[in-house]
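Participant: Dropping a structure here in structure tokens format, bear with me for questions.
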Amino acid sequence: MTTFMQPSSPMSTGLTISSMAPAGTTTPRDEGSLAPVRPNPWRSVGRTFEATSSIELARIRSGLDWSVEKRGLRTDDLQPIPDAFAMRRQDTGRILGIVGRDYVPMQNHDLFDFLSILAGERELVFETAGAFQGGKIVWVLARIPDLGIRLGEDLSHTYLLISNGHAGNKVLTVAPTTIRVICQNTLALAEAQSAQRRRAGRSLAAGFQVRHTSGMPAALADIREAYASTFTAHARTREAWEYLARVPLTRQLEKDFIETVFRAQGPDEADRAKTMRQQREQRLSDILASPTSQVRGTKDTAFSLLQATIEYIDHDRPTRTGESTSTTEARLASATFGSGAGLKEAAWTTILAMSRA
């Protein structure tokens, strides 16, 4: 089970500056003074806290210092229901969901512990974590400081993402991702998007999904063994990004790329295709002309087109919401685990194919 789910989940740059930069401003050269032009949307659904390598402090600062328990269910006349159990949040008593007999929970503290194990001797800095829907979905994002990617003044950090569902609604997912400082959007490491590698073998770079069953410990052991491939993927990502930053952006490339990537939207978009297409193209054009794309070292290149598309998916793409889900939660969940993640994968494969044609 090595299918990848796009992590663009939770994000943080680790910077203390989070104000919106005025239109037309230039990007500072010093990493420590980089102010994101796009505010971090994950701040509204999680916590970005003072960075720490301490698991205990990270749990407390993130608000994930609670656990869940599996409790039996009964009918109205108190008859036991043998194959259904409630997942209850212990600190609040809230019922998060109903699961089967074989469901094995993974506690929040295990998420922090597991990322630390994956990092091994490499430094791992916890910066961001949080929960959706009252705890039904939780996530932790930790940065690997020595794996940043800089193209001129365009800077991205490399993170490890782990996300988990406490309601039988989501498998455990572990995957590496990059977060671009200037607009705080996310894209998986290049090698993480190879469907062929996902099917052919085990690789953390391809992302792992682990079901909540008795086989979870063995699956987690497999992930630990595969962790070294992340660094190979990182090197290949850097090479691919450097290549894209050398490919000039033309109007024809922009037109063909956008048509190809968003053609996969399918029947849901077909009825409103003209209006949606016009709005999307206008928004993408605005992003390409904005400070997030006019960055020295990558502006007017295939790389800027790719990142503008990722920015659109992360921040602007229309997304359906549920009764208990905000627009921000729905958009970020889609960009991380759903149709938005699929669009990001399509964007990556398409830009490479077109720029090398």
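The values are calculated or read from the model by the stated rules, or taken from the named source; none is laboratory data. Here the structure is a predicted model, which means the values were calculated and not measured. Neighbour counts run over all protein chains shown; Cβ positions are idealised from the backbone, glycine included.
Participant: Here is a list: ALA346, ALA289, ALA330. Which entry is in contact with a Gly (Cβ under 8 Å, 6 or more places away or on another chain), surrounded by fewer than 20 Cβ atoms within 10 Å (Cβ to Cβ) and either of a type in the set (A, V, I, L, M, F, W, C) or free of Cβ contacts under 8 Å to residues at least 40 places away in the same chain (or both)? Full working, then the answer.
Facilitator: Working: ALA346 fails: in contact with a Gly (Cβ under 8 Å, 6 or more places away or on another chain); ALA289 fails: in contact with a Gly (Cβ under 8 Å, 6 or more places away or on another chain).
Only one candidate passes the filter, namely ALA330.
Participant: Testing ARG43 on (1) of a type in the set (D, E, K, R); (2) modelled with pLDDT of 80 or more; (3) assigned to a helix (DSSP H, G or I), one condition comes back false. Which one is that?
Facilitator: All conditions pass for ARG43, except number (2).
Participant: Kindly establish whether LEU96 is closer than 20 Å to GLY46 by Cα and surrounded by 13 or more Cβ atoms within 10 Å (Cβ to Cβ).
Facilitator: Numbers: closer than 20 Å to GLY46 by Cα: yes; surrounded by 13 or more Cβ atoms within 10 Å (Cβ to Cβ): yes.
The answer is yes for LEU96.
Participant: Moving on to the next point. Tally time: how many residues in the stretch 99-156 are more than 18 Å from the chain's Cα centre (by Cα) and outside any helix (DSSP H, G or I)?
Facilitator: 18
Participant: Next question. Conditions first: (1) within 19 Å of ILE144 (Cβ to Cβ); (2) modelled with pLDDT of 70 or more; (3) in contact with a Ser or Thr (Cβ under 7 Å, 6 or more places away or on another chain). SER203 passes all but one, so which condition is the exception?
Facilitator: The one condition SER203 does not meet is (2).
Participant: Let me ask something additional. For the stretch 152-190, how many residues are among the acidic types (Asp, Glu) and touching a helix residue (DSSP H, G or I) at 6+ places or on another chain (Cβ under 8 Å)? Reasoning before the result, please.
Facilitator: In the first step, residues of the stretch 152-190 are kept if they are among the acidic types (Asp, Glu); the result is 153-154.
Filter once more, so that each one left must be touching a helix residue (DSSP H, G or I) at 6+ places or on another chain (Cβ under 8 Å): 154.
Number of matching residues: 1.
Participant: Pick out the one residue from PHE126, PHE132 that is within 13 Å of ALA167 (Cα to Cα) and either out of contact with any His (no Cβ under 9 Å at 6 or more places or on another chain) or of a type outside the set (A, V, I, L, M, F, W, C) (or both). Don't jump to the end; show me each part of the working.
Facilitator: Working: PHE126 fails: within 13 Å of ALA167 (Cα to Cα).
Of PHE126, PHE132, the one residue that is within 13 Å of ALA167 (Cα to Cα) and either out of contact with any His (no Cβ under 9 Å at 6 or more places or on another chain) or of a type outside the set (A, V, I, L, M, F, W, C) (or both) is PHE132.
Participant: Kindly evaluate GLY168 against the criterion of being surrounded by fewer than 20 Cβ atoms within 10 Å (Cβ to Cβ) and at pLDDT 90 or above. Outline the logic, then answer.
Facilitator: Working: surrounded by fewer than 20 Cβ atoms within 10 Å (Cβ to Cβ): yes; at pLDDT 90 or above: no.
No; evaluated as a whole, the condition is false for this residue.
Participant: Please find, within the stretch 46-89, the residue that is nearest to PHE126 (Cα to Cα) out of those that are assigned to a loop (DSSP other than H, G, I, E, B) and touching a helix residue (DSSP H, G or I) at 6+ places or on another chain (Cβ under 7 Å).
Facilitator: Checking each candidate, the answer is LEU64.
Participant: What number of residues within the stretch 318-344 satisfy the criterion of being farther than 13 Å from ILE258 by Cα and either of a type in the set (A, V, I, L, M) or part of a helix (DSSP H, G or I) (or both)? Explain how you work it out, then say what you get.
Facilitator: Step one: list which residues in the stretch 318-344 are farther than 13 Å from ILE258 by Cα, which gives 318-342.
Retained after the next criterion (residues that are either of a type in the set (A, V, I, L, M) or part of a helix (DSSP H, G or I) (or both)): 327-337, 339-342.
Qualifying residue count, the stretch 318-344: 15.
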